[in-house]
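Notes follow the structure.
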Amino acid sequence: MAPRALVAGNWKMNGVKSSVSELKSLIDLLDNEAAPNCDVLLCPPATLIGSFVEVANGKAVNIGAQDCHVNVSGAHTGDISAAMIRDIEATHIIVGHSERRADHFETSELVRNKAEAVHKQGLAAIVCVGETEAQRKAGDTIKVVVEDQLLKSLPENALPENTIVAYEPVWAIGTGLTPTIEDVAEVHKSIRSALVERFGNEVGNGFAILYGGSVKPGNAKELMSADNVNGALVGGASLKAVDFNGIIDAYR
Ligand code: 13P
């Protein structure tokens, strides 16, 4: 089955209690405009997940988390588990974001363990991959994204129902730079081929593959039109409801 598109917002380390007003504005926009042909997800910082879930209850936006620990509970100061995230009724957890790979030295093996922890709780994992500028310049993009990251980060029993792939070139994140449509399509095609090879035709073709990195209302429609792009993972432009809704417009 063709993947259902997803437009997901990653608020990163942004947002305080009063930022719930942006979620309310987004819900108003979703209520009042044509329903998009995609799912909508917002991943605020952990401090806001609970209150966002309450506000979004029954509405057209799901709430997710940005990371989790591999264990269910225990002596891991400062961490939160997928079980805790499920307990507050979030639906998705981002794992392996390049900022966590860089800031916290997360390896693809750890990312796979996190994705498995997400699956054990019955939640969906958004598994992120992406090359640095140096890796792209060296011609290593496909090797890094597919071999070093994707194939090592995905659990053996991943399914389209519980796993979404997000391709986010590190050099495009927060920079205003984006790859050409051809470059996006090339990487997404390689990701799709690897998924089909690993999981077979039917399952491999069912995974949604998101593009992330400087997605804005002005470029979303074009980026989302590339082959094998099934949605977006949006950072900065997801912080303002009007901008995020402008990206969701690509699916109206
Ligand atoms: P920007 O949209 O701010 O470039 O961030 C992309 C990203 O990292 C989303 O996870």
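Values in this text are rule-based calculations from the coordinates and carry no lab data. Just so we're clear, the structure is a prediction, and the values are computed from it rather than from any experiment. A quick note on method: Cβ atoms are made from the backbone with ideal geometry, for glycine too, and the neighbour counts reach across all protein chains shown.
For the residue pairs K114/K137; K12/K59; K152/K189; K12/K216, alpha carbon separations beyond 25 Å are given by K114/K137.
Using the alpha carbons of region 21-81, what is the convex hull volume per residue in cubic angstrom, as a whole number?
Working: hull volume 5.7 nm³, N = 61.
Spelled out: Cα convex hull of region 21-81, divided by residues, is 94 Å³.
Relative to one another, the C-alpha centroids of region 169-236 and region 21-85 are positioned 22 Å apart.
Which whole-number percent is the relative contact order of the chain (Cα, under 8 Å, 6+ apart)? Display every interim value, and only then the final one.
Details: 512 pairs, mean separation 57.0, N = 252.
RCO, the chain: 23 percent.
Is region 129-252 best put as rounded, prolate or oblate by its Cα gyration tensor, with a ≥ b ≥ c the root eigenvalues, rounded for a/c under 1.5, and otherwise prolate when a/b is larger than b/c, oblate when not? Cα axes put region 129-252 in the oblate bin.
How high is the relative contact order of region 1-63, in percent, with contacts defined as C-alpha pairs under 8 Å that are six or more residues apart?
Details: 71 pairs, mean separation 27.8, N = 63.
With pairs under 8 Å counted, the relative contact order is 44 percent.
Work the Kirkwood hydrodynamic radius out for the chain: mean of 1/r over every pair of different alpha-carbon atoms, inverted, in Å. Intermediate values should be presented prior to the final figure.
Working: mean 1/r = 0.0558 Å⁻¹.
Taking every pair of different Cα atoms in the chain, averaging 1/r and inverting gives 17.9 Å.
What you get for the chain, charging only the Cβ of Lys and Arg (+1) and of Asp and Glu (-1), is a dipole of about 180 debye around the Cα centre.
Sort 152-159, 163-170 by packing, meaning the average of other beta carbons within 10 Å per residue, with the highest value first. Each step should come with its number before you reach the end.
Numbers: 152-159: 17.6, 163-170: 25.8.
Descending packing order for the listed peptides: 163-170, 152-159.
What value, in deg cm²/dmol to 500, does the helix sum -39500 (n - 2.57) over DSSP H runs of n ≥ 4 give at 222 nm once divided by the residues of the chain?
-10500 deg cm²/dmol
What length, rounded to one decimal in nm, is gained on full extension from D148 through to D183, with 0.36 nm per residue of separation minus their alpha-carbon distance? That works out to 10.7 nm of additional length. Length gained on full extension, F105 to N201, computed as 0.36 nm times the residue gap minus the Cα-Cα distance: 31.2 nm. Electrostatic bookkeeping for V184 treats Lys and Arg as +1 and Asp and Glu as -1; over the other residues with beta carbon under 10 Å from its beta carbon, the sum is -4.
Given R₀ = 25 Å, what would the calculated FRET efficiency be for N71 paired with T132, taking r from the Cβ atoms and rounding to 0.05? The value I calculate is 0.25.
Amide H to amide H distances under 5 Å link I164 with A125, I126, V127, where only residues 5 or more positions off or on other chains count and H is placed in the peptide plane.
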